[in-house]
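What follows is a set of notes on a single structure, which appears directly below.
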Amino acid sequence: MPESRVKIAPSILSADFARLGEHVVEVTKAGADYIHVDVMDGQFVPPITIGSVVVGAIRPCTDIPLDVHLMIESPERQLEQFARAGADIITVHAEVCPDLRQEVRAIKALGVKAGVSVNPATPIDIIDYILPELDLVLVMSVNPGYAGQKFMEDVVDKISLVREILDERGLAARGVLVRHLVLPADLADSAAVVDIVAETAPGAAMNVMGQYRPAYRAGQFAELLAVPKGERVAALRRLAGARGLAPVC
């Protein structure tokens, strides 16, 4: 059976890019499980974010896995660059891969773990056949592209369904993660969604991302991650109840 705790993967999009390396070091020391890297190309989603050069720049700053989420068209053109830069996990979107099995095997051939993401409107059936080859399933609870969106509660059933399928097939024990991506607008929303994920998908990882406020962001995140991993949900709830705090990460 998978661990019951929720793992936390802070997204570097929430960092101050003038201090990106410092922030990666901070959250690593505080106990983050992964560093999530959101890559957007201005085609699959409207914004443009970062490329493999940034992954290479932060690789020396941490020894925890770099989790690269490619929200891009034609990801096969970029796989080698991100693997060479130091990505430990590369996730592609099912919506842009005509031959998903070929894409997944190309990632693994580079010595990197392979994940597949599905948007809220995309049925899980589209990835059913490829599940035995995956290391990660990323279930989007917002449409990709922008932070601060409201969590889509109807995605909860999809998260639970993926967890059940993996458990039934013995794939969760093999190490496949269900990952739920949430981009909360505030701490209270974050705490509520952490509870939902913990209940519906034990052992899931959660990418947390929100608005950056340089005056106290790093301190809050360190406070959350400094507590024992099994107590993070309660710690997040306590933070959400405190007055005057910005989003966790």
Q.
What are the pairs with Cβ atoms under 8 angstrom where one residue, in segment 28-46, is closer than 14 Å to residue 63 by Cβ and at pLDDT 85 or above and the other, located anywhere, is outside any loop (DSSP other than H, G, I, E, B) and among the charged types (D, E, K, R)? Sequence gap at least six, or different chains.
A. 34/7; 34/67; 35/67
Q.
Against the condition assigned to a helix (DSSP H, G or I) and not basic (Lys, Arg), how does residue 80 come out, does it pass?
A. yes
Q. Within the set of pairs 6 or more residues apart or between chains, which connect a residue that is more than 12 Å from residue 87 (Cα to Cα) inside segment 48-76 to a residue that is part of a strand (DSSP E or B) and charged (D, E, K, R) with Cβ atoms less than 8 Å apart?
A. 48/41; 49/38; 50/38; 71/38; 71/41; 72/41; 73/41
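Working carefully through the options 45, 53, 92, 24, find the one that is assigned to a strand (DSSP E or B), under 25 Å from residue 146 (Cβ atoms) and of a type outside the set (D, E, K, R). Full working, then the answer.
Numbers: 45 fails: assigned to a strand (DSSP E or B); 53 fails: assigned to a strand (DSSP E or B); 24 fails: assigned to a strand (DSSP E or B).
The conditions single out 92.
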Q | Residue identified as closer than 15 Å to residue 40 by Cα and not small (Gly, Ala, Ser) among 102, 78 | A | 78
Q: Answer with yes or no whether residue 13 is without any contact (Cβ under 8 Å) to a residue 40 or more places away in the chain and either part of a helix (DSSP H, G or I) or within 17 Å of the chain's Cα centre (by Cα) (or both).
A: no
Q. Is it the case that residue 77 is basic (Lys, Arg) and over 26 Å from residue 8 (Cβ atoms)?
A. yes
Q) Here are some residues: 156, 137, 104. Which one is of a type in the set (A, V, I, L, M), in a helix (DSSP H, G or I) and under 18 Å from residue 75 (Cβ atoms)? A) 104
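The values are calculated or read from the model by the stated rules, or taken from the named source; none is laboratory data. Just so we're clear, the structure is a prediction, and the values are computed from it rather than from any experiment. Backbone-built Cβ (ideal geometry, glycine too); neighbour counts: all protein chains shown.
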